[in-house]
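In what follows, a single structure is set out as structure tokens and then discussed.
The values are calculated or read from the model by the stated rules, or taken from the named source; none is laboratory data. This one's a predicted model, so the numbers in the text were calculated from it and none came from an experiment. In this analysis, Cβ positions are derived from the backbone assuming ideal geometry, glycine residues included, and neighbour counts consider all displayed protein chains. Side chains are part of the model used for accessible areas, which takes the heavy atoms of the whole protein and leaves out ligands, DNA and RNA. Shrake-Rupley method; radii C 1.70, N 1.55, O 1.52, S 1.80 Å.
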Amino acid sequence: MALIVQKYGGSSVGDIERIRKVAQRVIEAKKEGNQVVVIVSAMAGETDRLIGLAHQITEMPSEREFDVLVSTGEQVAIALIAMALESQGYPARSFLGAQIRITTDGVFTKARILGVEAERILEELEKGTIAVIAGFQGIDEEGNITTLGRGGSDTTAVAIAAALKANACEIYTDVEGVYTTDPAICPEARKLSRVSYEEMLEMASLGAKVLQSRSVEFAMKHRVPIHVRSSFSQEEGTWVLKEDEKMEEVLVSGITCDKKEAKVTISKVPDKPGIASKIFGAVSEANVVVDMIIQNVSAEGYTDVTFTIPQTDLKKALEVVRRVSQEIDAGGVESDSNIAKVSVVGVGMRSHSGVAARAFSALGKEGINIMMISTSEIKLSCVIEAKYAELAVRVLHEAFELEKTKR
Ligand code: ADP
Ligand code: ASP
Ligand code: MG
């Protein structure tokens, strides 16, 4: 008997009709002789609605109360799914993260999972019950409710699959799998039948919303095979797996785009040892994760430092950076949220050259200016003006002939 973890995203449980269909799909898996654990996100649009309510009260809500609020969307969804299963004659029980003890650290709004009490879920499975578990949430050491960051239900699903040593973790969403780029932006995007953990981790952290990056990190560490597929069709989706030689033959496997970052520039920073540590130490203490960092060559003992962070953390980061900037006697602090980061990802980049030249030339031909660049073994990222984001994705997709992808 196989044990399958199925995760249904917001669009898959967007209305009552869809919730009934999800229940049907869970029942099919059960009828095939599998043990099934279901993870559910909030109904489509609900998390955004809750965030909107918080911001009507205050621009910077208490992060603890923010998590109490936004975690409620999932509570509604699990109860409805469990009811739909029971009404079809299949015993089901819904659980909040805290009830099956998904423990996390205490970093509200982006907590990390520390542990899952598998026994609690296994008890239900042994009774033949379908466990329906709220994604996106957990409980910290002090008993506070925490959430795992946007898209966090994916991570709940993989963490539970790892704890239960499930045979597979199926991620049901509104597209047929992982594509060469976001099919909503580029109609030429092709579905990948397989993608390595490393590539998927890059794609997810660089903006491919289809999986939360932490879910891929977790899967890679615990070797959980992920199957991303559509809840609206029976088609095979994309398997996220350990890399094999064939995957390296492909130069570029995907293009991603992230419009959720902001750029902060500190000008006239004294060019002395210890200054970078002062700035970034303070930012990290505020639990803000810095992505790209650029420092100019110094002129007359001063330099400019530019870095990118999540837009959601901009206000918090600016408070800290303005304070430090005064302490170190820097010139001034500016920020810009009108940016997008477009990236080219592929394990084949390790052994092939010329990717950067091809990408820069494609962007240049369209008159798209590059503000920041960063590279790693298997990716190249460029920060550009937000208004060119979709165009840049299509241009890069074409430049690397991804419409011809067969994988
Ligand atoms: P869910 O609500 O099921 O969690 P999400 O909205 O979080 O779904 O993720 C699915 C969306 O991710 C798709 O509708 C698609 O527009 C977007 N997406 C971005 N990049 C990719 C990609 N490379 N492959 C597939 N989907 C992508
Ligand atoms: N409901 C949460 C969100 O919208 C978690 C998730 O969908 O995975 O981000
Ligand atoms: Mg999602």
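Structure notes:
- Distant-in-sequence amide H partners of Ile339 (H built 1.01 Å from N, under 5 Å): Ala386
- Reduced Cα scattering model of segment 21-112, Debye log10 I(q)/I(0), q = 0.13, 0.15, 0.16, 0.17 Å⁻¹: -0.55, -0.70, -0.76, -0.83
- Per residue solvent-accessible surface (Å²) - the chain, probe of 1.4 Å: 46 Å²
- Among the protein heavy atoms of segment 1-100, carbon and sulfur supply 53% of the accessible surface, probe 1.4 Å, non-protein parts ignored.
- Each of Ser12, Ser267, Val283 was placed along the dipole of the chain (beta-carbon charges, centred on the mean Cα), and the one lying farthest toward the positive end is Ser12.
- Computed over the chain: relative contact order in percent, which uses C-alpha pairs under 8 Å that are six or more apart: 14 percent
- Rounded to the nearest 20 debye, the dipole magnitude of the chain is 520 debye, with +1 charges on Lys and Arg beta carbons, -1 on Asp and Glu beta carbons, and the Cα centre as origin.
- Counted over segment 50-89 with a bin width of 10 Å, the fraction of Cα pairs per bin, in whole percents, is 27, 35, 21, 14, 3.
- By average C-beta atoms within 10 angstrom, highest first, the peptides 315-325, 144-154, 387-397: 144-154, 387-397, 315-325
- Each peptide among 184-196, 265-277 gets the average number of other Cβ atoms lying within 10 Å of its residues, and from highest to lowest they stand as 184-196, 265-277.
- Segment 45-163 shape via C-alpha gyration tensor axes, a/c threshold 1.5: oblate
- Rounded to whole Å, sorted largest first: equivalent-ellipsoid semi-axes of segment 127-167, Cα gyration tensor: 20, 13, 10
- Dipole magnitude for segment 308-400: computed about the Cα centre from +1 point charges on Lys and Arg Cβ and -1 point charges on Asp and Glu Cβ, it is near 260 debye.
- For the chain, the mean residue ellipticity at 222 nm estimated from helices alone is -10500 deg cm²/dmol, where every DSSP H run of n ≥ 4 contributes -39500 (n - 2.57) and the total is divided by all residues, rounded to the nearest 500.
- Put simply, the Cα atoms of the chain extend 76, 50, 34 Å along their principal axes, the longest span coming first.
- Around the Cα centre of segment 77-214, unit charges on the Cβ atoms of Lys, Arg, Asp and Glu (plus for the first two, minus for the last two) sum to a dipole of about 120 debye.
- For segment 332-399, the relative contact order comes to 45 percent (Cα pairs under 8 Å, sequence separation of at least 6).
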